[in-house]
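A short worksheet on the structure shown next.
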């Protein structure tokens, strides 16, 4: 197989050189060009037709966001990976870029991070580039292939009352979670907890963005807060989010325990703790993302009698996370993105109605 052809657009000559070295050290990747300006980046994409663009958001002549918008108009299927500094200003721009069609992002290593941080950035870049490249979609065929069928787990005849919704997401999650959370009504009767793979600073900005889109209150999780109906909590970057029960009260816990699935926050940590606190009252939702985070947590939820819903992999930016749960045969439902929020509401309300009728 020929190497994956990459264009790097960054205003810094040092960054362009470092990125070219980092990516070029992998024989399956090839940096075919670099660009310090947006104009040059667009010209080179037109001329060289790279398979992936690595884009910094602050270029010499125009914003990376404007470059992204232009790329989306001309090359809607070209994967674009945002590579920018970790700061509040760039965090907002990164969320804007994801909203305008960026495929994914990683944050630049800081000078204080040292060699291990550089190695981690390289590993993340290479992994995400390869995963995004594997998902490049050609023009839709005139006669689409038949959908793959999955063996779903059999749901119990009577589902106990659902008391909490826990959601895990990674690549593609910020945009798709925005769509789902905006669908939940103001009177949603249970709390919602989200483990979105995202670095510090970004998670607070992401929670604020979700809050502006939703009739529910959305906040970055705070340790010790008591869970109540209609709240949405987002795991803070570089912290695991969990819950703990103290009698009738369930509270949030945040901690910097070991990474799981190379992630912190990790969906597995959240899902396990929810199963311990709520038993069969958990609805676990696994959304878009690469890797297998959420699988082991879903296994614990399943053993506790909870319900498992996954986003249809065909509607994901990267479908590895829901796919792993489907392949394990423990998912009760597969739902496309456009129906996911409504189905969460329907599923929760159905168990409340059933309890009222039998109560």
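What follows is calculated from the coordinates using simple rules that are stated; it is not laboratory data. Source: prediction; values computed, not measured. Note that we place each Cβ from the backbone using ideal geometry, even for glycine, and neighbour counts take in every protein chain shown.
Percent of C-alpha pairs per 10 Å bin in segment 268-359, short distances first: 18, 47, 29, 5, 0. Just checking the listed ones, 31, 218, 53: in the Gaussian network model of the chain with Cα springs under 10 Å, the one fluctuating most is 31. Normalising the average separation of contacting C-alpha pairs (under 8 angstrom, six or more residues apart) by the number of residues puts the relative contact order of the chain at 13 percent. Taking 0.36 nm per residue of sequence separation and removing the Cα-Cα distance, the residue 352/residue 37 pair yields an extension gain of 107.8 nm.
Can you give the % of DSSP beta bridges in the chain that are antiparallel, to the nearest 5? Display every interim value, and only then the final one.
On the way: 10 of 51 bridges.
Rounded to the nearest five, the antiparallel share is 20 percent.
Shape class for the chain, computed from the alpha carbon gyration tensor (a ≥ b ≥ c): prolate, with a/c not under 1.5 and a/b above b/c. Sorted fewest first by neighbouring Cβ atoms within 10 angstrom, 246, 30 come out as 246, 30.
Using only Cα atoms, locate the centre of segment 166-201 and the centre of segment 26-45, then give the distance between them in Å, rounded to an integer. Cα centroid of segment 166-201 versus Cα centroid of segment 26-45: 34 Å apart.
The order of the peptides 172-179, 189-196 by mean Cβ neighbours within 10 Å, most packed first, is 189-196, 172-179.
Can I get the semi-axes of segment 164-358's equivalent ellipsoid? Compute them from the C-alpha gyration tensor as square roots of 5 times the eigenvalues, in angstrom, largest first.
The three semi-axes for segment 164-358 are 20, 19, 18 Å.
Need one word for segment 3-120: rounded, prolate or oblate. Basis is the Cα gyration tensor (sqrt eigenvalues a ≥ b ≥ c); a/c below 1.5 gives rounded, then a/b vs b/c decides. Here segment 3-120 falls in the oblate category. Prolate is the label for segment 19-83, because the ratio a/c of its alpha-carbon gyration tensor axes (a ≥ b ≥ c) is 1.5 or higher and a/b is greater than b/c.
Taking R0 as 45 Å, what FRET efficiency do you get between residue 123 and residue 342 from their Cβ-Cβ distance, rounded to the nearest 0.05? Efficiency at R0 = 45 Å is approximately 0.75.
What FRET efficiency comes out for residue 46 versus residue 150 if R0 is 41 angstrom and r is the Cβ-Cβ distance? Round to the nearest 0.05.
Numbers: r = 41 Å, r/R0 = 0.99.
Taking R0 as 41 Å, the efficiency between residue 46 and residue 150 is 0.50.
Considering helices alone, the calculated mean residue ellipticity of the chain at 222 nm is -12500 deg cm²/dmol, with DSSP H runs of length four and up weighted by -39500 (n - 2.57) and normalised per residue.
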